[in-house]
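In what follows, a single structure is set out as structure tokens and then discussed.
The values are calculated or read from the model by the stated rules, or taken from the named source; none is laboratory data. What you are looking at is a predicted structure, and each value in this text was computed from that prediction instead of being measured. Methodologically, a virtual Cβ is constructed for each residue, glycine included, from the backbone with ideal geometry; neighbour enumeration extends over all protein chains shown.
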Amino acid sequence: MNCPDFTKRFCLPALLAAAVVGTGCQKQSAPGAAGRASGGFTVQAVVIEAKAQAVSETLSLVGTVAANEMVEIKSETDGTVEKILITEGQQVNQGDLLVKLDDSKFAAAVAEAEANFKLSEANHERSKQLFRDKLISQQEFDQIAAQFQANQASLDLKRRQLRDTQIRAPFGGVVGARQVSPGQVIGKNITLTWLVDLDPVKVEVSVPERYLSQVAIGQAMEFGVAAFPNDRFKGELYFISPQLDAPTRTALVKAVSEGERQFEAVVVVTDNGTSKIV
């Protein structure tokens with residue numbers, strides 16, 4: 001390469017740079033292997049055909065298995081237990097008679113109310129004709145009509161109190177522990193027994209706020225319990241709480257478990273009315 005005199009000092013560094021670049025890029029042959037390019041180390045690769053597959057994301061949480069329905073059976077009126085028609089652990093249907101109170105006082109009250117009602121009804125009928133004939137004033141007629149309506153309401157109340165002496169199951173389920181005995185005088189706040197519906201059961205879990213976007217109504221879920229370590233039970237989400245628990249930043253989520261294979265468990269009812277699965 002020929003360079004003018006005034007550019008020799010610039011040309012020399014350029015030639016050196018070119019030499020360096022060329023040296024770095026030159027392929028060197030292994031000794032005794034002229035004409036054969038020598039490569040680096042060999043890496044083996046396994047090739048698998050790409051396929052589209054569904055990805056399942058799961059979230060494991062500790063929850064509570066609860067009965068579908070559970071109520072304390074109490075009387076709506078004070079009285080004396082006359083008969084207990086159920087046994088502990090018995091399966092009952094909606095409307096079945098569970099406990100019967102002594103109804104003698106209530107039956108007498110109904111009979112008295114019926115007599116008063118019949119008398120006021122007869123007076124009311126006569127007053128209608130007298131009022132049409134203008135033999136009584138409007139005020140007298142209104143007083144008789146009001147007495148008739150009061151006696152009718154009193155009769156309805158006495159009949160209701162008589163029906164309340166028969167305590168029936170509000171829904172079908174299993175009877176819990178009995179808390180009273182025949183002959184016992186009870187009040188309105190006395191728990192007679194519990195009634196628990198286990199078909200289906202509900203699962204309640206508290207889901208952290210950061211996972212709520214992945215939870216939706218109708219999603220499938222699985223759960224297990226310590227009583228049946230080898231079994232898995234399926235359910236479906238049906239409720240997501242619209243508010244968060246402030247201290248824990250979680251939302252209550254409920255699922256229902258139903259199908260051909262129901263979750264079998266025993267509900268232990270404690271004194272405070274809560275249930276545990278064992």
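Here are some notes:
So that you can scan it fast, the table gives a plain yes or no per residue for (1) surrounded by 14 or more Cβ atoms within 10 Å (Cβ to Cβ); (2) closer than 19 Å to N68 by Cα:
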| residue | (1), (2) |
| --- | --- |
| K202 | yes, yes |
| L212 | yes, no |
| V215 | yes, no |
| A220 | no, yes |
| V225 | yes, yes |
| P229 | no, no |
| L244 | yes, no |
| P247 | no, no |
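- Residue within the range 121-143 that is in a loop (DSSP other than H, G, I, E, B) and closer than 21 Å to A153 by Cβ present: no
- I136 passes every criterion in (1) modelled with pLDDT of 95 or more; (2) in contact with a helix residue (DSSP H, G or I) (Cβ under 6 Å, 6 or more places away or on another chain) apart from (1).
- The residues of the range 149-189 that are closer than 22 Å to D96 by Cβ, out of contact with any strand residue (DSSP E or B) (no Cβ under 8 Å at 6 or more places or on another chain) and without any contact (Cβ under 8 Å) to a residue 40 or more places away in the chain, listed by number, are R160, R163.
- Of the residues making up the range 158-180, those that are under 30 Å from N116 (Cβ atoms) and assigned to a strand (DSSP E or B) number 3.
- Subset of the range 78-96 (residues that are outside any loop (DSSP other than H, G, I, E, B) and within 28 Å of the chain's Cα centre (by Cα)): Q91, V92
- Inside the range 91-118, residues that are surrounded by 13 or more Cβ atoms within 10 Å (Cβ to Cβ), of a type outside the set (V, I, T) and under 23 Å from F171 (Cα atoms) make up a count of 5.
- Subset of the range 181-197 (residues that are assigned to a loop (DSSP other than H, G, I, E, B) and either at pLDDT 95 or above or not aliphatic (A, V, I, L, M) (or both)): S181, P182, G183, Q184, G187, K188, N189
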